[in-house]
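Reviewing the structure listed below.
The values are calculated or read from the model by the stated rules, or taken from the named source; none is laboratory data. Please read all numbers here as calculations on a predicted model, not as lab measurements. Note: ideal-geometry Cβ built from the backbone for every residue, glycine included; neighbour counts use all protein chains shown. We work out accessible area using only protein heavy atoms, side chains counted, and drop any ligands, DNA or RNA first. Shrake-Rupley method; radii C 1.70, N 1.55, O 1.52, S 1.80 Å.
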Amino acid sequence: MRPSWDEYFLGLVDKVAARATCDRGKSGCVVVRDKRIICTGYVGSPSGMPHCDDAGHDFKQVMDDDGTTRQHCVRTVHAEQNAIVQAARYGLQLEGTTLYCSMEPCRVCAMLIASSGFARVVARRRYHAGGDTPDILASAGVELVIEQDAIETYEGQ
C-alpha cells in the first residue's frame, strides 16, 4: 500500500538519523515545504567539534519535569536544531513548513520551531522527558501530530 505523505517523510527521518554521531539518541529530522524536502538534520556535534563516536559522550546530570534524574549527553546538537541551522546557513525560509522528527521536540527545540514559523510538526513518538512542548507549539499556532502515542526510549536513559 502506498504510504501517506506523513508516513513517507517519517520513513525518511530514519535514513537521516542513520548519520547521527551520538549512539545514544540517533534521531533525525526532515523539513518539507509543498511535499518537497528543503533541509534535514540529525543529532551531531557542531562543525569542527569532536563527535561522541570519536571522543565519547559528554554527560551532564539533568532533572526531568517529573523529578526523574538522568544522564544526558550534551556534546551534540539536536536534529531539529541542526535542521534549523542548516536552513539559516543556506538562506532557506522555514515559514509554513512541516518538520518531521523521530520524537516530539524538547522544550528548546519547540521554542526554536515556534520562532522559525513552522506550520506543523509530525513526530513518530513522544519525548521521554515530557515537558511543555505541546503548549509552546499550540501557543505559536504550530500543529503537533504524534504518530504513535508511545515514549521514545534510547540507550542509557
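Scanning the stretch 1-20 for residues that are within 30 Å of PHE59 (Cα to Cα) and either open to solvent by 20 Å² or more (accessible area, probe 1.4 Å) or part of a helix (DSSP H, G or I) (or both) yields a total of 10.
Restricted to the stretch 25-37, and to residues there that are at negative phi and open to solvent by 20 Å² or more (accessible area, probe 1.4 Å), the residue that is modelled with the lowest pLDDT is LYS26. Taking the stretch 38-51 as the range and being open to solvent by 50 Å² or more (accessible area, probe 1.4 Å) and of a type in the set (Val, Ile, Thr) as the test, only THR40 passes.
Checked against (1) under 18 Å from the mean Cα position of the chain (by Cα); (2) not in a loop (DSSP other than H, G, I, E, B), ARG75 passes all but condition (2). The residues listed here are GLY48, GLY41; of these, the one that is among the small types (Gly, Ala, Ser) and outside any loop (DSSP other than H, G, I, E, B) is GLY41. For the stretch 57-95, the set of residues classified as surrounded by 12 or more Cβ atoms within 10 Å (Cβ to Cβ), among the aromatic types (Phe, Trp, Tyr) and in contact (Cβ under 8 Å) with a residue 40 or more places away in the chain is empty. Give the residues of the stretch 106-135 that are at pLDDT 95 or above, in a loop (DSSP other than H, G, I, E, B) and surrounded by 20 or more Cβ atoms within 10 Å (Cβ to Cβ), sorted by residue number. If the condition is that a residue be at pLDDT 95 or above, in a loop (DSSP other than H, G, I, E, B) and surrounded by 20 or more Cβ atoms within 10 Å (Cβ to Cβ), then PHE118 is the only one that fits.
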